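Colleague: Below you'll find the structure I mean.
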Amino acid sequence: MVKRRVVEGSAERERLAELAGEASAEAALASVRGPGVDSPTDLTAAAFFDVDNTMMMGASIFHFARGLAARKYFKNSDLAGFAWQQIKFRVGGREDPQSVQASREQALSFVAGRSVAELVSLGEEIFDELMADKIWTGTQALAQMHLDAGQRVWLVTATPVELAQIIARRLGLTGALGTVSESEDGIYTGKLVGDLLHGRAKAHAVRSLAAKEGLDLRRCTAYSDSVNDVPMLSVVGTAVAVNPDSGLRDTARKRGWEIRDFRTGRKAAKIGVPSVLGAGAVAGAIAVGLAYRRRG
């Protein structure tokens with residue numbers, strides 16, 4: 001009986017991951033349709049970049065939460081509690097499915113009824129204030145290399161898709177795959193479409209986008225810092241570990257993947273807590289939830 005429940009739970013998580021990937025691909029393509037969008041010259045190849053600690057120092061959602069705290073959307077003590085929860089996750093090295101589910105449901109109850117436009121407006125401001133100077137120039141140069149080759153470049157992150165798309169626009173990239181929250185008439189309902197775009201959901205998102213765009217995944221490249229992104233790195237022809245954690249470094253060596261590290265020991269130490277947050281499966285949902293929780 002226990003084994004059956006485990007199998008059923010695993011199947012349900014996979015179903016939600018597929019749904020999250022499909023929704024993310026749809027949102028990504030919807031954001032780049034229309035006049036003024038450059039067409040790639042290399043139609044079958046693309047590059048996919050993780051954000052936290054790959055494209056940006058630390059976790060984008062943590063920087064976003066800092067900006068919200070400065071605007072009195074919630075207390076600094078909430079931010080500290082969020083950080084500590086993620087430190088425990090990082091040190092423990094495991095995701096507790098029940099904790100992830102509880103955190104997700106709690107966060108989504110806070111975001112319900114809020115405006116999508118409000119989140120986007122705040123994201124634009126906070127990127128300029130707190131994120132623009134956190135971009136790894138080495139990773140940005142890799143992205144530009146793909147753009148110069150006529151390929152599209154997508155961010156792939158558990159961060160809310162609205163924030164991910166802001167980062168992509170600011171960096172001159174094609175677009176972004178991110179966690180999709182359900183909304184009706186521009187207002188969040190408090191539900192996710194599928195699940196967070198994390199782990200296997202990222203792989204599903206990349207496959208879905210590739211199918212819709214006619215990409216040859218064997219000609220595509222993916223970049224990440226985290227062992228959690230091995231599923232995404234494994235679906236493309238070329239995988240690159242950027243600023244890798246120990247798990248990904250080991251995997252990259254075993255599989256012969258290229259390793260790029262733009263950190264120095266001093267710089268890595270300065271990243272601190274935001275660096276820890278990057279691998280948290282529930283980072284996006286919790287931080288956004290805390291932000292809206294304290295607004296009233």
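Colleague: Label-point separation (nm) for Lys72 and Asp148, each offset 7 Å from Cα along Cα-to-Cβ?
Modeller: Between Lys72 and Asp148, the simple spin-label model gives 4.8 nm.
Colleague: At a Förster distance of 30 Å, what's the computed FRET efficiency of Ser115 paired with Leu29, Cβ-Cβ distance as r, to 0.05? Don't skip to the end; give the middle numbers.
Modeller: Numbers: r = 23 Å, r/R0 = 0.78.
Using R0 = 30 Å, I get an efficiency of 0.80.
Colleague: Assuming 0.36 nm per residue, please report the length gained on full extension of the stretch Asp216 to Glu129 beyond their Cα-Cα distance. Intermediate values should be presented prior to the final figure.
Modeller: On the way: separation 87, 0.36 × 87 = 31.32 nm, distance 3.77 nm.
Result: 27.6 nm gained on full extension.
Colleague: Kindly state, to the nearest 0.05, the FRET efficiency for Ser10 paired with Asp261, given R0 = 35 Å and r defined as their beta-carbon distance. Walk me through the intermediate numbers first.
Modeller: Details: r = 34 Å, r/R0 = 0.97.
Rounded to the nearest 0.05, the efficiency is 0.55.
Colleague: Then there is this: Near the amide H of Arg152, under 5 Å away, which other amide H atoms are found, from residues 5 or more places off or on another chain, if H is placed in the peptide plane?
Modeller: Amide H to amide H, under 5 Å and 5 or more residues apart or across chains, Arg152 pairs with Ala47.
Every number in this text was worked out from the coordinates using simple rules, so none of it is lab data. These numbers come from a predicted model, not from an experiment. For neighbour counting, all protein chains shown are included, and Cβ atoms are generated from backbone atoms with ideal geometry for every residue, glycine included.
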